[in-house]
1. Condition check: among the hydroxyl-bearing types (Ser, Thr, Tyr), surrounded by 12 or more Cβ atoms within 10 Å (Cβ to Cβ) and touching a residue at least 24 places away in the same chain (Cβ under 8 Å). Does Tyr67 satisfy that?
2. Among the listed residues Ser109, Ser85, which satisfies the condition of being open to solvent by 60 Å² or more (accessible area, probe 1.4 Å), among the small types (Gly, Ala, Ser) and either within 24 Å of the chain's Cα centre (by Cα) or over 15 Å from Cys36 (Cα atoms) (or both)?
3. Would you be able to tell me the number of residues in region 34-66 that are under 21 Å from Val81 (Cα atoms) and at pLDDT below 95?
4. Of the residues that sit in region 88-105 and are open to solvent by 60 Å² or more (accessible area, probe 1.4 Å) and aliphatic (A, V, I, L, M), which one is farthest from the chain's Cα centre (by Cα)?
5. Note down all Cβ pairs under 8 Å where the first residue falls in region 17-43 and is in contact (Cβ under 8 Å) with a residue 12 or more places away in the chain, the second is acidic (Asp, Glu) and part of a loop (DSSP other than H, G, I, E, B), and they're at least six residues apart or on different chains.
6. Kindly provide the set of residues from region 93-144 that are of a type in the set (Lys, Arg) and modelled with pLDDT under 70, ordered by number.
Amino acid sequence: MNSERCAACKYLRRRCPSDCIFAPYFPSNNPQRFACVHKIYGASNVGKMLQQLPTHKRVQAANSLYYEAQCRIQDPVYGCVGIISLLLQQIHKAENQLAKTQAEIAVLSNSHTQDSQFQQNFLLQQGNVGQSSRPSTQPSSWFK
């Protein structure tokens, strides 16, 4: 047996051929990666999936299979869907908090605008009232 076998061939205890479908995606220095994928999908199914894909998409597929297998091991019932659901809940919660904060800002801004208008109107009224009710400063009007 060659010491340069990939993690899949080591795990399956077989000789690693030079054109091994697993070798580029499951290196020997990370045996847990293949063990995880094998536990969920099986070596035969993973090999078939990789062979059916174009070469340029196999790296992404192997990474995806590994991630999905990890999620399925951590959460056997929901797997990746559980994580996606949790993230969607967090997004909805953040959107609700944002909408609430925006509404509060609008209310406060509107309240501030109304207060400013009220103060301006009050000052204008005080100015008009003050001019008509204020005693005249002309000496001729004092003695009438």
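The values are calculated or read from the model by the stated rules, or taken from the named source; none is laboratory data. Remember, predicted model here, so these are calculated numbers, not experimental data. FYI the Cβ positions are ideal-geometry reconstructions off the backbone, even for glycines, and counts take in every protein chain you see. Remember, those area values only see protein heavy atoms, side chains included, never the ligands or the DNA or RNA. Shrake-Rupley method; radii C 1.70, N 1.55, O 1.52, S 1.80 Å.
1. Details: among the hydroxyl-bearing types (Ser, Thr, Tyr): yes; surrounded by 12 or more Cβ atoms within 10 Å (Cβ to Cβ): yes; touching a residue at least 24 places away in the same chain (Cβ under 8 Å): no.
So Tyr67 fails the test.
2. Values: Ser85 fails: open to solvent by 60 Å² or more (accessible area, probe 1.4 Å).
Criteria check complete, one pass: Ser109.
3. 0
4. Going residue by residue through region 88-105, those that are open to solvent by 60 Å² or more (accessible area, probe 1.4 Å) are 88-93, 95-98, 100-102, 104-105.
Filter again for aliphatic (A, V, I, L, M), leaving 88, 91, 98, 105.
On the way: Leu88: 8, Ile91: 6, Leu98: 14, Ile105: 24 Å.
Top of the filtered list is Ile105.
5. That search, which allows pairs on different chains as well, returns Ser28/Glu4.
6. Residues of region 93-144 that are of a type in the set (Lys, Arg), as a first pass: 93, 100, 134, 144.
Matches in region 93-144: Arg134, Lys144.
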